[in-house]
1. Find the residue count for the stretch B:274-300, including only residues that are in a helix (DSSP H, G or I) and either among the acidic types (Asp, Glu) or crowded, with 21+ Cβ neighbours inside 10 Å (or both).
2. So B:Tyr64 passes all but one of these: (1) hydroxyl-bearing (Ser, Thr, Tyr); (2) touching a Gly at 6+ places or on another chain (Cβ under 7 Å); (3) farther than 30 Å from B:Lys209 by Cβ. Which condition number does it fail?
3. Please go through the stretch B:172-215 and pick out each residue that is closer than 19 Å to B:Thr59 by Cα, within 14 Å of chain A (Cβ to nearest Cβ) and not hydrophobic (A, V, I, L, M, F, W, C).
4. Every residue in the stretch A:323-345 that is under 26 Å from the mean Cα position of the chain (by Cα) and surrounded by 17 or more Cβ atoms within 10 Å (Cβ to Cβ), please.
5. For A:Gly318, are the conditions met, namely being at pLDDT 95 or above and either in the same structural domain as A:Glu125 (by TED's automatic domain parsing) or among the aliphatic types (A, V, I, L, M) (or both)?
6. Step by step: first the residues of the stretch B:1-55, then only those that are of a type in the set (Gly, Ala, Ser) and at the interface with chain A (Cβ under 8 Å from one of its Cβ atoms), then the one that is surrounded by the most Cβ atoms within 10 Å (Cβ to Cβ). Which residue is that?
7. Considering only residues of the stretch A:157-171 that are without any contact (Cβ under 8 Å) to a residue 24 or more places away in the chain and within 14 Å of chain B (Cβ to nearest Cβ), which is nearest to the chain's Cα centre (by Cα)?
8. Given the residues B:Gly142, B:Gly88, which is the only one that is part of a helix (DSSP H, G or I) and not acidic (Asp, Glu)?
There are 2 protein chains.
Amino acid sequence: MNPVEIIAKKRDGKKLTRDEISYFISLFLKGDIKDYQMSALLMAIFLKGMDYEETGWLTEIMLYSGETISFGEPRNLYVDKHSTGGVGDKVSLILAPWVAACGVKVPMLSGRGLGHTGGTLDKLETIPGYRTNLSLNEFMSGVENVGCVISGQTPEIAPADKAIYALRDVTSTVESIPLICGSILSKKFAAGPNGLVFDVKCGNGAFMKTVETATELAINLIGVCKAMGRDVCALLTDMNQPLGYTAGNILEVKESVDALKGNFAPDLYRVTIELAVEMLILAGISKNRETAVSLLETKLGDGSAWRKFEDMVAYQGGNLGIFEYSEIPKAPVIRQFKSEIDGFLQGFETEAIGRLIVDMGGGRKTKDDIIDPLVGLIFHKKIGDTVKAGEMLVEIHSRNNTQADDVALRLIKFIKIGLDKVEAPTLIKKRLS
Amino acid sequence: MNPVEIIAKKRDGKKLTRDEISYFISLFLKGDIKDYQMSALLMAIFLKGMDYEETGWLTEIMLYSGETISFGEPRNLYVDKHSTGGVGDKVSLILAPWVAACGVKVPMLSGRGLGHTGGTLDKLETIPGYRTNLSLNEFMSGVENVGCVISGQTPEIAPADKAIYALRDVTSTVESIPLICGSILSKKFAAGPNGLVFDVKCGNGAFMKTVETATELAINLIGVCKAMGRDVCALLTDMNQPLGYTAGNILEVKESVDALKGNFAPDLYRVTIELAVEMLILAGISKNRETAVSLLETKLGDGSAWRKFEDMVAYQGGNLGIFEYSEIPKAPVIRQFKSEIDGFLQGFETEAIGRLIVDMGGGRKTKDDIIDPLVGLIFHKKIGDTVKAGEMLVEIHSRNNTQADDVALRLIKFIKIGLDKVEAPTLIKKRLS
């Protein structure tokens, strides 16, 4: 085997063997295969693709390049969820404790904000004391004893993915389905889940803008997981408007707390419970949708889901006092953004709204930026709602008046009000398994 | 402009602008664009291609990355030839002085052996004292005063090509038509010719094995040159057997000396004179094939071509004594390889014969190998010739008996003798302009 021949093989559209992928990645990690050879291979993979089996091998090799967690029996109890990312997507915060309250074990390694999308870790870190840097032992023990943990990747997890991702970012090889699958799955499976539910976001606030591209990604994720012998399914869910009522770190945690106490935005409820149903079925806890929904409603209604969230936060060192016993801290300037006319809310420029929140300080443009947890937007109207002139559309939580002015000016372009009634988007667009 | 976007553009099959190529290459040479980004772009070019105009820009940018030579008027007098390489291809040694004797100015920067093919510089260096490392000034002055010079690339010529070629070699991006065109042409035009005649070798001893692939390369070389405003044409010539009677460094110089004195192998004569005709026409010295052939025959017959060779060798410090006044030095063991049967010579494994000569010491496997000038093969029969049992097919010039035994054993497989008469291959397969 030699690196030049392996690159040529993929360049010519041929299927690599497990041994060839393993050889290439292990020598790359040792420094014997150079960055410029890896980037040539990545571009060849980008342009020539990889089949499910190949991508599965790539995933396993990246996965086992670092430490991995193994849980005991019954293995199918351990189920995680992965979202491809959107605006206002606080589902993980609610879903993990909710299904854990039903008996699922949720080992959730989560990430930070990427591009225009928020990050679960950034949100959780607005809870005073909450640690997202658990050791692998703390992580495992939390999953076993609490039932769910949401923490960040440790450096020991999938180092091959980290090294390869850094190269992809500077060589225009990010948007490759096999490379995306390998990157997502190697990190996810390193944390030890047996099953995985994908929330593939779809719409103008998602990375996949159309049902077609989202379906393609979902089919590939599922195909690779099946090739790896894993139990998975995927829901394509709407991302043509921010999910729930809020976008912005502390605002989203507050919304999640409210949801776990039973006060859900309807779209957030629907997306979360459908994903929860899939997790319960994968875990073997519920036989079908009806029994799963019934169990979930019980555990939400009797406060078990909320108490599981409290337990998880306490385990990870967090203090929920500001969310429970007092008002959450507020951004310095709160401004109402109102409609100029009577009509209907017809649409959001959702990705632009995500970028707006990043610009406000709610996300990072470079890795070293510090997030402002307080800034964000509260949406009072959603697509299809009637709107009256002078009625509030969005509450802007901003750092100062200048920022509030700027945000208001930009929101005029990002929220479309018109005279024709528009239907609310279908929330669950597809289920694939 | 940024490197990641330029890579993405080519990755998506779009045409780069001159400015984008220039930006990318100049930052690469400064070290601001990294090897791994260049190799990703090279793989994208390999897989997505470049049109003639784009390849022309790439060529010019590589060309002007270093020093270039400019000759005076009339510019069209300056014409060079480029061969894609074969076995026994000593055409340059004969062609350059022959056309120079007719008035063409030949600024020929030549290369060393590559893979299974011999190198013009390696051959010329068997002439005692011959310098292939002329400075650019010596090179220019030789072209002006002698009429032809054959020397090696200086480090100042096309440094971008050198840096890029080193990467292509280790990233499986060598066999890309636009990259091959850019590399060949940037080096050739740096030496200042206005016109260029391509000898695109075609057959089992060439890089291009079929007329189709050779035609594709020829069309691309011509298309790029036209886009650059250069006068060019191409001949597709046969490389299904070694050209002429010899392969091996000193043997080929001796054959060239004989040819310049009028003793030509028929195939070598035909290929050389057809290329010479094209050069004379491009230079504006002859109007058509008939007048060109007549002039060439005169200059060969009256000794002018030979004297031009003597002048060039003398200018470059060489001494032709061993070729003129005595026997050339011979390899220690000379062995006759004979036919076992009566029949016809039906074919050669020409590339394998090229590799055999490299293995004998006549070429390099690594850059640091030292060439043995004396080893080689003299072919007494060519395709289509009748052969009798016991008749000599090849004279093996080898280092020792063990090597001679080994070569003889391998030649049995590489030369096919059969009962059916076979036609000699068509020498000039196509002319393109």
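The values are calculated or read from the model by the stated rules, or taken from the named source; none is laboratory data. Small disclaimer: the values here were computed from a predicted structure and weren't measured. As a convention, Cβ positions derive from the backbone with ideal geometry for all residues, glycine included, and neighbour counts pool all protein chains shown.
1. The initial filter retains those residues of the stretch B:274-300 that are in a helix (DSSP H, G or I), namely B:274-282, B:289-300.
Imposing the further condition that a residue be either among the acidic types (Asp, Glu) or crowded, with 21+ Cβ neighbours inside 10 Å (or both) reduces the set to B:274-282, B:290, B:292, B:296-297, B:299-300.
Total satisfying the criteria: 15.
2. (2)
3. Those that are closer than 19 Å to B:Thr59 by Cα, within 14 Å of chain A (Cβ to nearest Cβ) and not hydrophobic (A, V, I, L, M, F, W, C): B:Thr173, B:Glu175, B:Ser176.
4. Quick first cut of the stretch A:323-345, residues under 26 Å from the mean Cα position of the chain (by Cα) only: A:323-324, A:328-331.
Listed by number, the residues that qualify are A:Phe323, A:Ala331.
5. On the way: at pLDDT 95 or above: yes; either in the same structural domain as A:Glu125 (by TED's automatic domain parsing) or among the aliphatic types (A, V, I, L, M) (or both): yes.
Against the criterion (at pLDDT 95 or above and either in the same structural domain as A:Glu125 (by TED's automatic domain parsing) or among the aliphatic types (A, V, I, L, M) (or both)), A:Gly318 qualifies.
6. Narrowing the stretch B:1-55 to residues of a type in the set (Gly, Ala, Ser): B:8, B:13, B:22, B:26, B:31, B:39-40, B:44, B:49.
From what's left, at the interface with chain A (Cβ under 8 Å from one of its Cβ atoms): B:8, B:39-40, B:44.
Numbers: B:Ala8: 20, B:Ser39: 29, B:Ala40: 34, B:Ala44: 29.
So the residue we want is B:Ala40.
7. The first filter runs over the stretch A:157-171 and keeps only residues without any contact (Cβ under 8 Å) to a residue 24 or more places away in the chain, leaving A:162, A:165-166, A:169-170.
Subsequent filtering for residues that are within 14 Å of chain B (Cβ to nearest Cβ) retains A:165-166, A:169-170.
Numbers: A:Tyr165: 17, A:Ala166: 20, A:Asp169: 19, A:Val170: 23 Å.
Of everything passing the filter in the stretch A:157-171, A:Tyr165 is nearest to the chain's Cα centre (by Cα).
8. Values: B:Gly88 fails: part of a helix (DSSP H, G or I).
Among B:Gly142, B:Gly88, only B:Gly142 is part of a helix (DSSP H, G or I) and not acidic (Asp, Glu).
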